[in-house]
Every structure is written in structure tokens, then in C-alpha cells.
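The values are calculated or read from the model by the stated rules, or taken from the named source; none is laboratory data. Everything numeric in this text was worked out from a predicted model, so none of it was measured. Neighbour counts run over all protein chains shown; Cβ positions are idealised from the backbone, glycine included. The area values use the complete protein model at the heavy-atom level, side chains included, leaving out ligands, DNA and RNA. Shrake-Rupley method; radii C 1.70, N 1.55, O 1.52, S 1.80 Å.
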Amino acid sequence: MLSWNQIDTVLLDMDGTLLDLHFDNHFWLELIPAKLAERDGISLEQAKARMQKDYDAVTGTIAWYCLDYWAERLQMDIVSAKREVQHLISLREDSLPFLDALHASGRQVVLVTNAHPGSLSLKVERTQLDQHIDLLISTHEFGVTKESQSLWQQLQARLGFDPARTLFVDDSLVILEAARQFGIAHLLAVSNPDSKKPARQIDDFPAVQDFRYLLEDIRRYPVQPDR
């Protein structure tokens, strides 16, 4: 499915790719509306409708992923609310075997997430994900998200990767398309980001439900020492 003999660098999304998206979906779609409903004396359905409108207004922008933005917008301690359900933060079962195989093959492995640094810190604290990745990057340090071509330009300037020899893995098809437009040659979609929901049918990109199906090919094509 992937030309591993042509891949030196692997850029990985976090939520829905290495981590189960159930935590984020539950937090933003269930817990936050429930807290708003209780605080403001409105129905859960009204709270969900209000939040959906707020989400739609900033989808794809840095604000959508910014805990500070939502804390101010909702007048709520978002980080404390996340800690209430932090037990739901979990790695996908196939993530560590995948990461370990990538490292053993000599490839550079970089996490590139739109998650706010506060979210990233909490998730690293819960999963020790940093022990299996060369570099962790939150796009907030660039001021733009992976949906933006500016992000990809800045990221390449920082990391110096060759787009023709880079694999990018994400569960967002919009973000994968942005990476394709930039020129990332190898793209992979995660079709089952949330363990509580069925896998999606994905036609526009190669897709995977379990990274462990890739391990044999990764091991067969390690990075050559002269590269």
C-alpha cells in the first residue's frame, strides 16, 4: 500500500491517529454541553445546538483547537474539565507497535498536532507518548493549523524534510488534502479514529484500520544508512 523504500520521515497526527478520538468526542460533544446546560439552566439539546454553532464558526482555525479561546468563550476552566475525564485518554492498541517499528527502521518520527499545548501536555502525561517519538510539535507555535499551507511551509523550513520522501498520517481528510496540495508524496488516512464508532469508507486516500498490518513492510524496508 505504501512505498516504504521511498519514505525517510513520518509525520503523525495525534488525536484519532495515535490516540483514540473517543476522549475528544466525548469531551466536546457530551461533557461540555452537559456542563453548559447545568450552569445556564437550559436543556442538553439547547446546549449542544449552541456549541455546534460555536464550533462551526471556527472549524479549521487555530481558535477551534485553542483551550484559551474556549475558556474565554465559555467562561469555563477547560483544562480542569478535561482532567475530570482524563481516564478516557488512551493510545490506540496498534500505536506503540507502529511507532517502535518506525524507530527500529531508522526513520525520523515527528508528531504534528493541532492540539493546544495544554492538551498535548495532558495527553503526554497520561500516555508517555513522548518516549516513542523524536519530536512533538503543536501547530500553535506557528499560529496556523495543518489545514493551512502556511503551516506546511513553516514546518518544512523547521524540519527540513523532503516532501517526496515523507509520509503523513492523519484521520482528517481535509488535513490530508492540505498536505497533498503542499506536495507530501505519501499519505495515509485512519478510517477508525474513534473506537466507539464504526470505521469509515475512505476512497480519496490509502486508509488503514490497524497499523500492525504495516509492520512487516516497515521492517522489510529500513532506511538506508547513506540517506
If I build a Gaussian network model for the chain, linking alpha-carbon pairs within less than 10 angstrom, which residue out of ALA179, ALA49, ALA164 has the largest mean-square fluctuation?
ALA49
Contour minus Cα-Cα distance for GLN6 and TYR213 (0.36 nm per residue)
72.7 nm
Magnitude of the Cβ-charge dipole (Lys and Arg +1, Asp and Glu -1) of segment 76-227 about the Cα centre, nearest 20 debye, reported as 80
Determine the per residue accessible area of segment 15-130 with all protein chains present and a 1.4 angstrom probe, expressed in square angstrom.
44
Quick one: work out the % antiparallel among DSSP beta bridges in the chain, nearest 5.
5
Using protein chains only and a probe of 1.4 angstrom, how many square angstrom of MET14 are accessible, to the nearest 10?
0
Over the chain, what percent of the accessible surface lies on carbon and sulfur atoms, probe 1.4 Å?
48
Relative to the present Cα-Cα distance, how much length would full extension add between ARG73 and THR61 at 0.36 nm per residue of separation?
2.8 nm
18 Å Cα cut-off, lysine pairs counted over the chain (separation 8 or more, or different chains)
5
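Based solely on its DSSP helices, what 222 nm [θ] is calculated for the chain when runs of n ≥ 4 H residues each add -39,500 (n - 2.57) and the sum is averaged over all residues, nearest 500 deg cm²/dmol?
-11500 deg cm²/dmol
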